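Each remark here refers to the structure printed beneath this line.
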Amino acid sequence: MSSKYDVLVIGGGNAALCAAISARRGGASVLVLEGAPKFYRGGNTRHTRNMRCAHDAATEILTGPYTEEEFWEDLLRVTGGQTDEVLARHMIRESKDILNWIVEQGVRWQPSLGGTLSLGRTNSFFLGGGRAMLNALYLTAERLGVDVEYDAEVTDLVIEDGMFLAARLKRPIRGETEIRATSLVAAAGGFEANIEWLKQYWGEAADNFLIRGTPYNRGSILKMLLDKGVQEVGDPTQCHAVAIDARAPKFDGGIITRHDSVVFGIVVNKQAQRFYDEGEDIWPKRYAIWGRLVAAQPDQIAYIIFDSSVVTSFMPTLFPPIAGQTIAELAGKLELDPAALEKTITEFNAAVRPGTFDHTILDDCVTEGISPPKTHWARKIEAAPYLAYPVRPGITFTYLGTRVNKEARMQMADGRPSANMFAAGEIMAGNVLGKGYAAGMGMTIGSVFGRIAGREAAKHARN
Amino acid sequence: MHGTRILDEADRLMTVCNSCRYCEGLCAVFPAMEMRRSFSDGDLNYLANLCHSCGACYVDCQFSPPHEFNVNVPKTLAIARAESYAAYAWPGALSGAFARNGLVISIVAALSMAAFILGFAALNDRSVLFGVHTGPGAFYKLMPHNAMAALFSAAFLYAVLALVMSVRAFWRDIGTPIGGRPDGGSIFQAIRDAGELRYLHGGGVGCYNEDDKPTDRRKFYHHLTFYGFLLCFAATSVATLYHYLLAREAPYPWWDLPVVLGTLGGIGLIIGPVGLFLAKMKRDPALLDEFSYGMDVGFIAMLFLTGLTGMALLVLRETAAMGPLLALHLGAVFALFITMPYGKFVHGIYRFAALVRYAQERRTAA
């Protein structure tokens, strides 16, 4: 392994591999440093399943067109306008070609998975899921001659005046070393697995967060870059967070700990009180707000309460629901105040107005006279046994990042562009995602900016 | 809770997989799983036999070991599959011993039968055994045709009876409604799926065997083995028709249909099993059910020996080696027949039944 590369890529997920492949195809020698062991390579990519790309016509696997304009409107809506329009529109435009480019790198698509019909038009699913996608990218990268090191923990970056010179590396066996490269692509993700860092913004509540990805997403590269003069972007408290089963492991529970039963019941906190409209919008659109909602509740815990009439209405779950023949019995098992839970459910049931239930549309099943209301799909909870899932905030990734331009080139705190440092993926997602989320966007950001960063990094190295 | 530890584990995995579903494009197992929310013993045995062991779901799974969820579908279903062969075997008492000692039993059976035929011939006339025989009826100098036909018909019919009883039990267990009959369309679909090994390709990427690269060639070797077997079976059937309908006795000239079919099939039965055996030797232990090693290798060995002795017989049939080779060949075929209902052969029968069931489910769901 030669000691100086044209392009050094730090990170091992979708963005990193797209950058590595694109730099290698651009004629550069490339080294990828993945901090995790081989099995856990790829950060959050190993848990993903699809990517949101604009396309003007239906494809073999996409049921209809999804124009750039519609993508932009969706982004505008979920972020409430907190996005960089120039960068976001550029990404959306580039996403069209990614649909083909990523296939050229060995990734295969399949139609939307069972239970995800609502994404069939907008999102392309990876055959075999995110780890299969990663495996394909690694095979391609290795075939092209990209060097990859696992368990490669970068301990320091040597940066002078916005210019990357070298990375210091701690290898498990061979010890400390320094790797020089002409360009750097930082694609090492966010800091979601770094509980201490999360605590800076969330306080002790962060102890109750579950992290959906690997324990290796500690944000150490992000921190080094920000400390060494790269301009920060994004709100440090913003992240993609969903409500996941409280029984999930602390790290790497992935997608299977999620719940999509919220719209079929009510959600109460540990005081057995409802706190948000469970029927606000079609589930996938509101999927990603519930992590923050639960994070704001006492002890960061909540309970989805429903009854036996709806158990087959949603995907089967990894953990079985907790059941009680009476509401009081269920409350006992959840360690909630039985009287309080009975009161909440009785009041909710009394407020339910008759309607025609249809979970595929915004139906007319509503409550009246309670706060918060349930504005769709409101049905009485009355068919024993009564069931519940305990949920906690599950943090997917954080939005604090490094500011970049359309070339994926990092911007320094003084406003100047870096000479040779590029960023892609979650480490710069905050440029596009000020807040909110729409399914599959993380992978779009990774592939689009990864490809750009690799290309630009190679171009710089060869000049 | 299920009857066995492996079915409990298969149930746990299907619960994990059913809440993920990333693998649904890889094969038939996961779409079939998605049609269920809970899993009976019959459901799990159905899914286990639907699995072709392509290995893709293991390589693609974010929860495979060393992850704490410890999801290893290929290995778990391989063990469940082997146990299902024992569970449905008829009569049940013969199944367990075979699973453990398949190779030894097959070889002992083949050699015993060969010794019996040799002894039978030698008792009659030693010079016949090592003599050079040519022309029609040469084989029957060793053993009269009717004796040979009676012996092998009995072995074959026994195998068919035992297989029918076994697959009936399997079908009753995996079917809803119980005892429902398969329809023609589903059977036709299953013939196509089995004939091209549609689900032995990792959803299009390829299969995995020794590592995480989709470079596996088992599909190719399986085709050689399976179609080789069918060609040999066809050769025997044509020869039987020649014998009884046209009164033409074996051996036949090299250009005649039974010999052409047998030669092509024999080549497949030599190369195919060797390829499959070498693939098994190289297979990642993480994917392998090491307990059914004897059963798997026993079947591969019997197919290989059938092919090898048959081809040797063809080449050397006009020499003094014909007698002993014919005895060996007949011994191998006999052992193949009588071990069929208890050995790896049944994988094809159960997998075919599972594919019929799957085709039925797809039609019902559509």
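Where a number appears in this text, it was derived from the coordinates with a stated rule and is not lab data. Keep in mind the model is a prediction, meaning the values are calculated, not measured. Counting neighbours? That spans all protein chains shown, and the Cβs are built from the backbone with ideal geometry, glycine included.
Here are some notes:
- Note, ³J(HN,Hα) from phi for region A:416-429, Karplus 6.51, -1.76, 1.60, rounded to Hz, x at Gly and Pro: 7, x, 5, 5, 8, 10, 10, 9, 8, x, 4, 5, 10, 4
- Rounded to the nearest whole Hz, the Karplus-based 3J(HN,Hα) values (6.51 cos²θ - 1.76 cosθ + 1.60, θ = phi - 60°) of region B:316-328 follow the sequence 10, 5, 9, 10, 5, 6, 4, x, x, 5, 4, 4, 5, with x at glycine and proline.
- By the compact-protein rule of thumb, 2.2 N^0.38 Å, the alpha-carbon radius of gyration of region B:210-366 corresponds to a ratio of 1.21.
- Working note: Karplus 6.51/-1.76/1.60 with θ = phi - 60° gives region B:41-49 the couplings 3, x, 4, 5, 5, 5, 5, 4, 7 Hz, where Gly and Pro are set to x.
- When its C-alpha radius of gyration is set against 2.2 N^0.38 Å (N residues), region B:265-325 gives a value of 1.41.
- Rounded to two decimals, the Cα radius of gyration of region B:42-104 over 2.2 N^0.38 Å is 1.33.
- Order of B:271, B:6, A:395 - criterion: other Cβ atoms within 10 Å of each residue's Cβ, fewest first: B:271, B:6, A:395
- 25 °C / 0.890 mPa s Stokes-Einstein diffusion coefficient of region A:190-271, Kirkwood radius on C-alpha pairs, µm²/s: 169 µm²/s
- With the convex hull of its Cα atoms as the shape, region B:171-217 has an orientation-averaged projected area of 4.8 nm².
- Note on B:221, A:150: ascending count of other Cβ atoms within 10 Å places them as A:150, B:221, the fewest first.
- In this simple spin-label model, placing a label point 7 Å from the Cα along the Cα-to-Cβ direction at both residue A:328 and residue A:247 gives a separation of 2.5 nm.
- Paramagnetic label zone (point 7 Å from Cα along Cα-to-C-beta, residue A:281; backbone N under 18 Å) in region A:78-108: A:78-84
- Cubic angstrom per residue, convex hull over Cα atoms of region B:1-155: 191 Å³
- By the Stokes-Einstein formula, at 1.306 mPa s and 10 °C, region B:226-284 with its Kirkwood radius over alpha-carbon pairs has D equal to 128 µm²/s.
- For region A:1-146, the equivalent ellipsoid built from the Cα gyration tensor has semi-axes of 28, 18, 14 Å, listed from largest to smallest.
- Cut-off 19 Å, label 7 Å out along Cα→Cβ of residue B:12, residues of region A:207-249 by amide N: A:247-249
- Rg over Rh [alpha-carbon atoms, Kirkwood Rh] for the protein assembly as shown: 1.07
- Calculated on C-alpha atoms, the gyration radius of region A:13-95 divided by its Kirkwood radius gives an Rg/Rh of 1.05.
- Cα long-axis angle, helix A:68-79 against chain A (0 to 90 degrees, to the nearest 10): 60 degrees
- Helix B:218-245 vs. chain B, principal-axis angle (Cα, 0 to 90°, nearest 10): 40 degrees
- Computed over region B:103-250, the range of Cα coordinates on each principal axis works out to 59, 41, 34 Å, biggest value leading.
- Radius of gyration over Kirkwood radius for region B:164-303, both on Cα atoms: the Rg/Rh ratio is 1.05.
- Figure legend: label point modelled 7 angstrom from the Cα of residue B:320 along Cα→Cβ; no residues of region B:105-125 have amide N under 12 Å from it.
- Each Lys or Arg adds one and each Asp or Glu subtracts one; over the other residues with Cβ under 13 Å from the Cβ of residue A:301, this totals -1.
- The ranking of A:443, B:165, A:412, A:163 by Cβ neighbour count inside 10 Å, starting from the fewest, reads A:163, B:165, A:412, A:443.
- Considering all C-alpha pairs of chain A, those separated by over 43 Å amount to 17%.
- Taking 23 Å as the limit for the C-alpha separation, the pairs A:199/A:435; A:38/A:250; A:270/A:343 never exceed it; all remain within the limit.
- Solvent-free Debye calculation, one equal scatterer per alpha-carbon of region A:246-356: log10 I(q)/I(0) at 0.16, 0.17, 0.19, 0.21 Å⁻¹ equals -0.80, -0.91, -1.17, -1.46.
- Histogram of C-alpha separations across region A:277-322, 10 Å bin width, %: 19, 49, 32, 0
- Loop trypsin sites (Lys or Arg not before Pro), region A:74-165 (other Cβ atoms within 10 Å of the site Cβ: 15 or fewer; DSSP): A:121
- Reachable lysines, given that their alpha-carbon falls under 28 Å from the alpha-carbon of residue A:459 and they are not under 8 places away in the same chain: A:4, A:96, A:223, A:228, A:406
- Angle in degrees between helix A:14-25 and the longest Cα principal axis of chain A, rounded to the nearest 10: 30 degrees
- Whole-Å semi-axes of the ellipsoid equivalent to chain B (Cα gyration tensor, √5λ, descending): 41, 20, 19
- With all pairs of different C-alpha atoms in the average, the Kirkwood value for the hydrodynamic radius of region A:349-460 is 18.2 Å.
- Computed over neighbours whose Cβ is under 13 Å from that of residue A:442, the net charge equals +2, Lys and Arg +1, Asp and Glu -1.
- Under 5 Å between amide hydrogens, built in the peptide plane, is the criterion, and for residue A:422 it picks out A:184, A:185, A:186, A:410 among residues at least 5 positions away or on other chains.
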